[in-house]
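A.B. asks: Submitted below is the structure of interest, expressed as structure tokens.
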Amino acid sequence: MSLTSLRIALGNDPQMFLATILSLAGLIAATAIAVGICGSIQWRIHCQNERDTEFKRELLSNGFSVDDVERILRASSTKAERSTPRFRHSLRSRKAMSWALQRRA
């Protein structure tokens, strides 16, 4: 459907045509914003999962057993729940790693 046929369908009323075009532009903008927000949330979750996986691999490569890693993650997650949610992952990783290395030494 072209703009000319849309204008004819709306009865050659310029105000109705402009309102229709602006409404469509608004819907497209709102859709783009919603897709952007959902995409950024999913990207954040993906990056957090990658950091968690890398942290676990690092612990395992440092010679910790699977039971030790589970215990470290359990202990650090309870501490992280009391901290600021925005920095939960970075605090959890740093605290857990320093705690694990101190226990190892």
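The values are calculated or read from the model by the stated rules, or taken from the named source; none is laboratory data. Bear in mind that the values here come from a model prediction, so they are computed numbers and not experimental data. Note that each Cβ is placed from the backbone with ideal geometry, even for glycine, and that neighbours are counted across all protein chains shown.
A.B. asks: Has segment 16-26 got any residue that is modelled with pLDDT of 95 or more and not polar (S, T, N, Q)?
C.D. replies: Within segment 16-26, the subset modelled with pLDDT of 95 or more is 25-26.
Then drop every residue that is not not polar (S, T, N, Q), which leaves 25-26.
Looking through segment 16-26, at least one residue is modelled with pLDDT of 95 or more and not polar (S, T, N, Q).
A.B. asks: Cβ-Cβ under 8 Å, sequence separation 6+ or interchain: first residue in segment 63-90 and of a type in the set (Phe, Trp, Tyr), partner surrounded by 15 or more Cβ atoms within 10 Å (Cβ to Cβ) and at pLDDT 70 or above. Which pairs?
C.D. replies: Every condition considered, the pairs that remain are Phe64/Ile72.
A.B. asks: Name the residues in segment 55-78 that are under 16 Å from Gln102 (Cβ atoms) and either modelled with pLDDT of 85 or more or more than 22 Å from the chain's Cα centre (by Cα) (or both), would you?
C.D. replies: Glu58, Leu59, Asn62, Gly63, Phe64, Asp68, Val69, Arg71, Ile72, Ala75 - these are the residues of segment 55-78 that are under 16 Å from Gln102 (Cβ atoms) and either modelled with pLDDT of 85 or more or more than 22 Å from the chain's Cα centre (by Cα) (or both).
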